[in-house]
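Only one structure is covered here, and it is reproduced in the block below.
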Amino acid sequence: MNVLTDNLSTYGEGFLGTLELIVYAGLLALALGFVMASFRVAPVASLRVFGTVWVTVLRNTPLTLLFFAVVLGLPRFGLLLPFQVFAVLALGCYTSAFICEALRAGINTVPRGQGEAARSLGMTFAQTLGLIVLPQAFRSVIPPVGSTLIALTKNSAIAGAFSVTELLGTYKTLNELGYNIVWTFAWIALGYLIITLAVSALFRVLEHTWGAAR
Amino acid sequence: MTDATALYDLPGPRTRQRHRLYAVASTAVILALVAWILYLLFDTGQFTRTKWMPFAYKGIQELLLRGLGNTLTAFAIAAVLSLVLGGALATGRLSDHRPVRLPATVVVEFFRAMPVLVMIFFIFVALKVQPLPALVAGLTLYNGSVLAEVFRSGVNAVERGQQEAAFALGMRKTLVMAHVLVPQAVRAMLPAIISQLVVALKDTSLGYLITYEEFLHAGKLIASNLDYDLPFIPVVMVISPIYIGMCMLLSWFAVRVSRREQRSPKTEAVTIATPGPGALLPGGEPPMAPKP
């Protein structure tokens, strides 16, 4: 029971590590996902193909394999970065595929007439997408993006197994110190629950403020 | 891609020319990127003989095959058990009796909200279970809970009149479920179930982290061999296409089933979206996406 009080700093470090991973990987995923989604709806075929390949491959890649390739493989390339950067790269790229699909589905929920009206006003592709379609799509993608970020939170646990300081990884230290393993895990589980519930609450608020009322 | 055309008009001659220019430019950029990666690969000597030699040995091929076999074994067991657990939990959640419904709901919500790896580690480290059962148990608890939600939403998505008509004929709840709702729901749920199985297949690779001797583990053994000059990149090049190929095959199957179901008049009454991963949120993902 007193695992938590005795090792507040270890837990705290792990908790903050997980939070950091989620924030950086989440931002990377949102940015990349946005780029890929615009590629996938672009009028240029080669960009569409690139976006499709990116999404299809990443969505069907086991995350552990991606971590293996990025954390253990990339250094053989002569690319030496801190483990945490590698973890952010792997998590961010992986999640971007799901964000991209969520955005694309959101774009499809915007009534066709909106795009047609924008075009008939003489707007270009970029204007139609940026000023008319995306702002509306944004409203309907809040829930799926939220659940993608919750999945990201849960996936971030894998980073711990690849030597990144994060919440699940703390079990190793505490196990070696001889603490009751069941309580150790109970507090870890609570940590993840706090983050997922917070993300979920945040997105509920976002949906309440901006969500599409249909 | 027909829906996306709402974003732009059919291009005229000048626009077509402009698009061709964009296409050439973007293709050039993509090709340059690929070329740069290839250059890096050659430059760091990833295609040297020593690094690729291991794959010529029979022992190593057998090691890889055994790993693949172990991966598929774990997947098969986890898939069957998840379906069973999912069915049981869904039955619990759809029950009319509060004492049954409440625990089922708590179990489903808890296991969907937990990272799979935490469960697997807990079972492996704290309960001191062997790697295979630990992996299968973790996958079953997570995927079973998600499938329970799929089943539940499938049954709930059957048009209300079906249920009302069956009750009006004097059927009991069990009979209504077994003869009216479930048969209709199963067809509509099939794509979502298969997509969830893709997730289970992908997650078997977590076994690598608890020293279960699966495919990736076999790869790691070869990759960290000093005799072959640590062939990490060649191993990734050999293993990824097989892993990704298996998952893509299953995903493709899910899409195919869903297309067929969409055309079928029997499932017109039922359309379900896959519930999000540990979705504590309303709404869902685009249907048919294997979840992260």
| For the range A:8-210, how big is the tail of P(r) above 21 Å, as a whole percent of Cα pairs? | 59
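At 222 nm, what value in deg cm²/dmol follows for chain A if DSSP H runs of at least 4 each add -39500 (n - 2.57) and the sum is divided by all its residues, to the nearest 500?
After summing the helix terms and dividing by the residues of chain A, the value is -24000 deg cm²/dmol.
Assigning unit charges at the beta carbon (Lys, Arg +1; Asp, Glu -1) and nothing else, what dipole magnitude in debye, to the nearest 20, does the range B:62-262 show about its Cα centre? Can you show the working numbers first?
On the way: 16 positive and 12 negative charges, 159 e Å.
My answer is approximately 760 debye.
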| remark: Sorted list, accessible surface of protein heavy atoms, 1.4 Å probe, largest first, for A:153, A:209, A:173 is A:209, A:173, A:153
| message | Compute the angle between helix A:8-40 and the longest alpha-carbon principal axis of chain A, please, reported from 0 to 90 degrees and rounded to the nearest 10. | response | 20
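Evaluated at 20 °C with a viscosity of 1.002 mPa s, what Stokes-Einstein diffusion coefficient in µm²/s does chain B have when Rh comes from the Kirkwood expression over alpha-carbon pairs?
95
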| task | Compare the Cα positions of A:159, B:81, A:184 along the charge dipole of the protein assembly as shown (+1 at Cβ of Lys, Arg; -1 at Cβ of Asp, Glu; about the Cα centre) and return the one farthest towards the positive end. | result | B:81
| remark: Expressed as a whole-number percentage, the relative contact order of chain B with C-alpha contacts under 8 angstrom and at least six residues apart is 23
| task | At a probe radius of 1.4 Å, figure out the A/B buried accessible area, summed over both chains, and give it in Å² to the nearest 100. | result | 5700
| message | With a 10 Å cut-off between alpha carbons and a GNM built on chain A, which of A:200, A:147, A:46 moves the most? | response | A:46
| query | Share of the protein assembly as shown's accessible area from carbon and sulfur, percent, 1.4 Å? | reply | 67
| Which whole number gives the average count of other chain Cβ atoms within 10 Å of the Cβ atoms across peptide B:235-246? | 4
| field | FRET E, pair residue A:57, residue B:95, Förster distance 45 Å, beta-carbon r, rounded to 0.05 | value | 0.60
| request: Could you list, in their original order, any pairs among B:58/B:220; B:51/B:220; A:172/B:128; A:172/B:51; A:172/B:220 whose Cα atoms are separated by more than 24 Å? | output: A:172/B:51
| message | If you scale each eigenvalue of the Cα gyration tensor by 5 and take the root, what three semi-axes come out for the range A:1-88, rounded to whole angstrom and sorted largest first? | response | 34, 17, 11
| task | Within the range A:1-41, find all residues whose amide N lies under 17 Å from a label point positioned 7 Å from the Cα of residue A:183 along Cα-to-beta-carbon. | result | A:1-12
| What's the longest piece of chain B with no exposed chymotrypsin sites (Phe, Trp or Tyr not before Pro), counting a site as exposed if DSSP puts it in a loop and it has at most 14 other beta carbons within 10 Å? | B:58-292
| said: What is the angle, in °, between the Cα long axis of helix A:83-109 and the longest principal axis of the Cα atoms in chain A? Nearest 10 is fine, range 0 to 90. | reply: 30
| remark: Here D for the range B:1-80, in µm²/s, from Stokes-Einstein with a Kirkwood Rh over Cα pairs at 4 °C and 1.567 mPa s, works out to 71
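For peptide A:63-71, what's the mean number of Cβ atoms from other chains within 10 Å of each residue's Cβ?
Counting other chains' Cβ atoms within 10 Å and averaging over A:63-71 gives 6.
Suppose only helical runs count, i.e. DSSP H with n ≥ 4. What mean residue ellipticity at 222 nm does that imply for chain B under -39500 (n - 2.57) per run, divided by all residues and rounded to the nearest 500 deg cm²/dmol?
It comes out at -22500 deg cm²/dmol, rounded to the nearest 500.
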| Given springs between every Cα pair under 10 Å in a Gaussian network model of chain A, which of A:40, A:104, A:112 has the largest fluctuation? | A:112
| request: Note every residue of the range A:144-160 with a reduction of at least 10 square angstrom in accessible area, all protein chains present versus the isolated chain, computed with a 1.4 Å probe, or write none. | output: A:144, A:147, A:148, A:150, A:151, A:154, A:155, A:157, A:158
| Taking each full run of DSSP H in chain B as one helix, which ones are at least 18 Å long along their axis (Cα atoms) and have mean Kyte-Doolittle hydropathy of at least -0.5? | B:13-43, B:58-93, B:98-113, B:131-157, B:182-203, B:232-263
| task | Give the accessible surface of the protein assembly as shown per residue, rounded to a whole number of Å², with probe radius 1.4 Å and ligands, DNA and RNA excluded. | result | 47
| Cα-based Rg of the protein assembly as shown per 2.2 N^0.38 Å, rounded to two decimals? | 1.03
| request: Any chance you could give the angle, 0 to 90 degrees and rounded to 10, that helix A:45-59 forms with the longest Cα principal axis of chain A? | output: 30
| note | When chain B is treated as a Gaussian network with springs between alpha carbons less than 10 Å apart, the largest mean-square fluctuation among B:25, B:56, B:113 is found at B:25
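The values are calculated or read from the model by the stated rules, or taken from the named source; none is laboratory data. It should be emphasised that the depicted structure is a prediction, and the values quoted were computed from it without experimental measurement. FYI the Cβ positions are ideal-geometry reconstructions off the backbone, even for glycines, and counts take in every protein chain you see. Please note that ligands, DNA and RNA were not included when accessible areas were found on the heavy atoms of the full protein model with its side chains. Shrake-Rupley method; radii C 1.70, N 1.55, O 1.52, S 1.80 Å.
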